[in-house]
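J.: Dropping a structure here in structure tokens format, bear with me for questions.
The values are calculated or read from the model by the stated rules, or taken from the named source; none is laboratory data. Just so it is clear, the structure is predicted and the values come from calculations on it, not from any experiment. Positions of Cβ are generated from backbone atoms using ideal geometry, with glycine treated the same way; all protein chains shown enter the neighbour counts.
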Amino acid sequence: MYNKLFTKILDSSIWLESCPTRIVWMTMIAVMDETGHCQFASVGNVSHRARVTLEEAQEALTCLESEDPDSGDPDHGGRRLERVPGGWIVLNAEKHRSLVTRAVKQEQTRDRVRRWRQRQRADGNADSNASVTPSEVVPEVQPEEESSGLTFPVKGGGEWMLTLEKFQEWVALYPSVNVNEEISAMVAWCDANPDRRKLARSMPRFCVSWLNKARSNSSVSGGYRGTGVKL
């Protein structure tokens, strides 16, 4: 089992703490299970695994169990750990898991888009939507979910999911637009512009506006060129 470590930790308040505290915190992230539980019988066990002194481990745990007014996560008053029978619980483990899940989905989407584009180039029809199926460019999902499997980060946190029906509708409505490429660009835009993300209820309008501009660009240029749209 392994856990991802995100680069944003470098800009968090935990990175302002002492070196032993940072090491203990990363040790906890590394060993936590799917529920956030870190199985340690005692502070001594934490000290041994983190390779810090017993005193340093105790100071680090006291810090991590205390409120942090400078924390970017206001939940639990900024506290990161809580002592429980059999060890400690990482209090924001659920949020960490959701970030990991989204990162994995995005990587899967990028990989599918890359492989799809390679096949399109090999077939000589890189600008065509006709031979494309959603499963080729987005993560696979169960049919009963009626979803394309592609999610967009939205304003206020959470995600908006593009339905399979809507995906197919856009492919039919915009034959001159590479819908798959534009959707990939939309997701990238949302990831890169967190302060300008839309509310979930506004996402259909956002996507349609994007596709309309892509179609307009195509009409002006006499052929598909993508968007380069700034929304």
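J.: All but one of (1) over 16 Å from VAL84 (Cβ atoms); (2) surrounded by fewer than 17 Cβ atoms within 10 Å (Cβ to Cβ) hold for ASN45; which doesn't?
T.: Tallying (1) over 16 Å from VAL84 (Cβ atoms); (2) surrounded by fewer than 17 Cβ atoms within 10 Å (Cβ to Cβ), ASN45 fails exactly one: (1).
J.: Applying the selection to the range 136-167, what residues are surrounded by 13 or more Cβ atoms within 10 Å (Cβ to Cβ) and either at pLDDT 85 or above or outside the structural domain of TRP210 (by TED's automatic domain parsing) (or both)?
T.: Selection gives THR151, PHE152, PRO153, VAL154, LYS155, GLU159, TRP160, MET161, LEU162, THR163, LYS166, PHE167.
J.: I've got another one for you. Quick one: which residue in GLU65, GLU56 is without any contact (Cβ under 8 Å) to a residue 40 or more places away in the chain and farther than 16 Å from LEU91 by Cβ?
T.: GLU56
J.: Which members of the range 27-46 meet the condition of being in a helix (DSSP H, G or I) and on the phi > 0 side of the Ramachandran plot?
T.: none
J.: Now, a different point. Does at least one position in the range 211-226 carry a residue that is assigned to a helix (DSSP H, G or I), closer than 20 Å to LYS155 by Cα and at pLDDT 90 or above?
T.: Scanning the range 211-226 turns up no residue that is assigned to a helix (DSSP H, G or I), closer than 20 Å to LYS155 by Cα and at pLDDT 90 or above.
J.: What is the residue count in the range 60-113 for residues that are at pLDDT below 80, part of a loop (DSSP other than H, G, I, E, B) and among the small types (Gly, Ala, Ser)?
T.: Number satisfying all stated conditions: 2.
J.: Do we find that ARG49 is more than 28 Å from GLY157 (Cα to Cα), at pLDDT 90 or above, over 27 Å from the mean Cα position of the chain (by Cα) and not in a helix (DSSP H, G or I) in this structure?
T.: The answer is no for ARG49.
J.: Sticking with this one: Condition check: assigned by TED's automatic domain parsing to the domain that holds ARG119, under 24 Å from ARG114 (Cα atoms), small (Gly, Ala, Ser) and at pLDDT 90 or above. Does ALA185 satisfy that?
T.: Judged against the criteria, ALA185 is a match.
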